[in-house]
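A.B. asks: The structure's right below; bear with me while I get my questions together.
Values in this text are rule-based calculations from the coordinates and carry no lab data. As the structure is a prediction and not an experimental result, all values here were calculated from the model. Please note: Cβ atoms are built from the backbone with ideal geometry, for glycine as well, and neighbour counts cover all protein chains shown.
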Amino acid sequence: MDYGPLLMMALMGLVAGWIANLLLGRQGDLVGSLVPGVLGAYVGAFIQRHAQLDLMRIGNPLLEQLAVAVIGAVVVILVARSIVAEPRR
């Protein structure tokens with residue numbers, strides 16, 4: 001079995017999750033960056049497909065994937081925050 005694509009997806013997810021955490025002002029550990037990043041790659045692809053976003057102007061397929069994954073990771077983190085939000089007093 002070739003683990004290259006799986007390793008690349010994990011690395012891309014880690015970077016996307018880390019960037020999303022930075023954008024949202026959140027400190028995240030390895031798992032806190034990896035999980036939203038990998039899930040964000042799928043969510044970002046779904047958003048890109050349904051919103052018909054054209055990111056092909058970036059010119060680099062790796063950066064295009066990273067941009068989509070970061071958008072998705074931000075969405076995943078915001079949804080997770082809203083679900084786990086503490087009730088206000």
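A.B. asks: Can you list residue pairs whose Cβ atoms sit under 8 Å apart, with the first residue in the stretch 6-25 being over 17 Å from PRO61 (Cβ atoms) and the second being exposed (fewer than 14 other Cβ atoms within 10 Å of the Cβ)? Count only pairs 6 or more apart in sequence or on different chains.
C.D. replies: LEU14/LEU30; ASN21/GLN27; LEU24/LEU78
A.B. asks: Mind checking whether some residue in the stretch 31-50 is in a loop (DSSP other than H, G, I, E, B), without any contact (Cβ under 8 Å) to a residue 60 or more places away in the chain and not acidic (Asp, Glu)?
C.D. replies: No - not one qualifying residue is present in the stretch 31-50.
A.B. asks: For ALA20, are the conditions met, namely being exposed (fewer than 15 other Cβ atoms within 10 Å of the Cβ) and among the small types (Gly, Ala, Ser)?
C.D. replies: Against the criterion (exposed (fewer than 15 other Cβ atoms within 10 Å of the Cβ) and among the small types (Gly, Ala, Ser)), ALA20 does not qualify.
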